[in-house]
Amino acid sequence: MEINNGFRKTWKIMIRTLLTLLIIIVLYMVVQLLLYPKQPPSLFGYQPFSVLSNSMNPTFETGDMVIVKRLAPAEIQENDVITFKKGTNQYITHRVNEVVSHQGNIQFVTKGDNNNVIDESMVTANKVMGKQVATIPHAGYIAKFISGPVGFILLIVLPFTGYICLEVYERISRTTNEDATNQKNEL
């Protein structure tokens, strides 16, 4: 009985910790989206991007998620995969074919692995979002769902509701146990 009770307490602590972390991360991302609506959210310098085309096949495919880390432009080298901003809300992830220093400014010649020709214009250092450090297969589909209204509500409402339910359950259990203990002591 005592082992089962210890396991239950450990389980509750783990669930509460995970839910609290998830809520904090989601709130942090929401605050970032509200403060900087034209920039993708970032967590400790890492940003997720969904792959929307097959221009980088076979390195990654449509629907994959690419995690990029912001770096100084001087740290980016030939053959690195970078994500850069093109236009207002378009982000492209391509491989660096050449690093060019033009009048003291670093620029990058890029090309998708599945493309026959290099990109039409060089990427300036201020347009670079970061260098690819990880790829999560098919996670871009999940991110697309979460960014929609239903997914966003589920991501916020479910963890928060779960946390509240866990707290209410624990408080009810605690008062029930205290009442039972008090009744035993009175006898």
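The values are calculated or read from the model by the stated rules, or taken from the named source; none is laboratory data. Just so it is clear, the model here is predicted, and its values are computed rather than measured. Cβ sites come from the backbone with ideal geometry, for glycine too, and all protein chains shown count toward neighbours. Just so you know, the surface numbers come from the protein's heavy atoms only, side chains and all, with ligands and any DNA or RNA stripped out. Shrake-Rupley method; radii C 1.70, N 1.55, O 1.52, S 1.80 Å.
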So in segment 141-166, with the set limited to residues that are open to solvent by less than 100 Å² (accessible area, probe 1.4 Å) and touching a residue at least 24 places away in the same chain (Cβ under 8 Å), which one is nearest to D64 (Cα to Cα)?
A143
With the structure loaded, tell me whether Q47 is closer than 26 Å to F160 by Cβ, open to solvent by less than 50 Å² (accessible area, probe 1.4 Å) and of a type in the set (S, T, N, Q) or whether it fails that test.
yes
Considering segment 52-83 alone, what residues qualify as being in a loop (DSSP other than H, G, I, E, B), open to solvent by less than 40 Å² (accessible area, probe 1.4 Å) and in contact with a helix residue (DSSP H, G or I) (Cβ under 8 Å, 6 or more places away or on another chain)?
G63, D64
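Could you tell me whether L27 is loosely packed, with under 12 Cβ neighbours inside 10 Å and modelled with pLDDT under 80?
Details: loosely packed, with under 12 Cβ neighbours inside 10 Å: no; modelled with pLDDT under 80: yes.
No, not satisfied.
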Assuming A139 fulfils every condition listed in (1) at pLDDT 75 or above; (2) in contact with a Phe, Trp or Tyr (Cβ under 9 Å, 6 or more places away or on another chain) apart from one, which condition is it?
(2)
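If a residue has to be free of Cβ contacts under 8 Å to residues at least 24 places away in the same chain, among the aliphatic types (A, V, I, L, M) and in a helix (DSSP H, G or I) to count, how many in segment 1-29 make the cut?
Within segment 1-29, the first condition is being free of Cβ contacts under 8 Å to residues at least 24 places away in the same chain, and the residues that meet it are 1-11, 13-14, 17-18, 21, 24-25, 27-29.
Still in the running and among the aliphatic types (A, V, I, L, M): 1, 3, 13-14, 18, 21, 24-25, 27, 29.
With in a helix (DSSP H, G or I) added as a condition, the list becomes 3, 13-14, 18, 21, 24-25, 27, 29.
Residues meeting the conditions: 9.
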Among the residues that make up segment 47-56, is at least one of them under 11 Å from the mean Cα position of the chain (by Cα) and without any contact (Cβ under 8 Å) to a residue 24 or more places away in the chain?
no
Give the number of residues within segment 116-150 that are over 17 Å from K86 (Cα atoms) and either in a loop (DSSP other than H, G, I, E, B) or of a type in the set (A, V, I, L, M) (or both).
13
Would you confirm, using the coordinates I've provided, whether K86 is at pLDDT below 90, within 22 Å of K38 (Cβ to Cβ), among the basic types (K, R) and touching a strand residue (DSSP E or B) at 6+ places or on another chain (Cβ under 6 Å)?
yes
Only one of K127, K38 is within 26 Å of G148 (Cα to Cα), charged (D, E, K, R) and either out of contact with any Asp or Glu (no Cβ under 6 Å at 6 or more places or on another chain) or surrounded by fewer than 17 Cβ atoms within 10 Å (Cβ to Cβ) (or both), namely K38
